[in-house]
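Note sheet for the following structure.
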Amino acid sequence: MARDITFPAVSGVQHPLGTMDSGTGMDLSTALYSGLVTFANLPYVHCLAAEHTEIEAYDIAIVGAPFDTGVTARPGARFGPNGIRQGSRRIHPQFSWSVYTGRNYFVEWAKVVDCGDAPLTFLDNTVALKQLTKTHEVVSARKANSSEYAVPRIIMLGGDHTTTLPALRSTYKHWGAVSVIHFDSHIDTWNPDVLGGGLSHYAGVNHGTFLHIAHEEGLILNSSFHAGIRAPVANRKYDLQHDRACGFHIVKARDLDRMGMQGVIETLKKRVEGTKVYITVDIDVLDPAFAPATGTAEVGGWTTRELLTILDGLSGLEVVGADVVEVAPIYDNPGETTTLAAAEIVHSLIALMVETPVKALQRAQ
């Protein structure tokens, strides 16, 4: 007969890195790298359940947008939500005390959950974007866990940058027009007749025109800002003049060398002061050395550390929505450089939302 091997008792401190509890047996409920992959090992909630279905309440929802048929360069960002979740496996809600702030934003007032991905068709952009708009409306219309802050906020995992347009449309219904802080290497305010060539209305809605359309629809304020811009424009004068008309100022990538990170932070905060803020992060704001897995890479970008420092410096802003987009895992390296960076950026966005709760202007019906 084989003998049982007896191991010494294992401290519960190893939870969730292991599967042993304090000596009463094996706890299989919270171990890392097991089960379905959710962002940061957060609980999954079926936020898109049928109407009147009772589901778990939440304050911040992670929602994937597997869409990449609005790109003008390399496709693959439809797999971005899954890639970012894979990159977040090292993060766990009970093991996330910051060495910088001493806080764990997962265990404070806000309940954070992963709602999975929006069900989007890849055969028709118009239908897919309507599906994503509906997803945002359903997720944000759920009853929040907090009794004081009634509207849940959403952090979206992209997907190409076109997906920010449905997010802004949904955000407008709860908080009105917002200041957009847009981290990117491209301005993304191109006129659809320019980027799309006027071929069709369908072609003009893409990842380079969505901010023009958002401005046209009155979704964003003239206090918006681009940060990290370095890509060339199509027309020497018109594109930048048109960008200003859409309500944007610019901090270019190399401005960081002159201004320093604190200068960039202060400039962004001063510009959006007193407004509700939507933060959208195109992963190509990072240099390809730090984020090769993206559709339209541009050299000369920021480092991951620089971007995280700037994001953390935006504490105190009323961030009502956010996203991380243009992650195309197929172009990543075996070390998962891009998806690891994207996951930590999402972690920083969660921190900003938890630090500053926001009351909605109205409750969408």
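What the table shows:
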{"read-out": "With every protein chain in place, the range 39-355: carbon and sulfur % of accessible area (1.4 Å)", "value": "54 percent"}
{"read-out": "Translational diffusion coefficient (Stokes-Einstein; Kirkwood radius from C-alpha pairs) of the range 96-189 at 4 °C, 1.567 mPa s, in µm²/s", "value": "84 µm²/s"}
{"read-out": "Partners for LYS270 among aspartates and glutamates (Cα-Cα distance below 17 Å; same-chain residues under 8 apart left out)", "value": "ASP255, ASP312, GLU318"}
{"read-out": "The chain: C-alpha gyration tensor shape, a/c 1.5 cut-off, then a/b vs b/c", "value": "prolate"}
{"read-out": "Dipole magnitude (debye, nearest 20) for the chain, charges at Cβ of Lys, Arg, Asp, Glu", "value": "440 debye"}
{"read-out": "Most positive-pole-ward Cα, GLY197, LEU129, GLY316, against dipole of the range 39-355 from beta carbon charges", "value": "GLY316"}
{"read-out": "Å² per residue, accessible surface of the range 273-317 at 1.4 Å", "value": "32 Å²"}
{"read-out": "Cα gyration tensor shape of the range 219-317, rounded if a/c is under 1.5, else prolate or oblate by comparing a/b with b/c", "value": "oblate"}
{"read-out": "25 °C / 0.890 mPa s Stokes-Einstein diffusion coefficient of the range 160-230, Kirkwood radius on C-alpha pairs, µm²/s", "value": "199 µm²/s"}
{"read-out": "Beta bridges per DSSP with both ends in the chain, % antiparallel, nearest 5", "value": "5 percent"}
{"read-out": "Among the listed pairs LYS111/LYS269; LYS134/LYS269; LYS276/LYS359; LYS111/LYS359, those beyond 20 Å (Cα-Cα)", "value": "LYS111/LYS269; LYS134/LYS269"}
{"read-out": "Cα gyration tensor shape of the range 153-279, rounded if a/c is under 1.5, else prolate or oblate by comparing a/b with b/c", "value": "oblate"}
{"read-out": "Euclidean distance between Cα centres, the range 99-160 to the range 291-365, Å", "value": "14 Å"}
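The values are calculated or read from the model by the stated rules, or taken from the named source; none is laboratory data. No experiment lies behind these values; they were computed from the predicted model shown. Positions of Cβ are backbone-derived with ideal geometry, glycine not excepted, and every protein chain shown enters the neighbour counts. Only protein heavy atoms, including side chains, enter the accessible area calculation; ligands, DNA and RNA are left aside. Shrake-Rupley method; radii C 1.70, N 1.55, O 1.52, S 1.80 Å.
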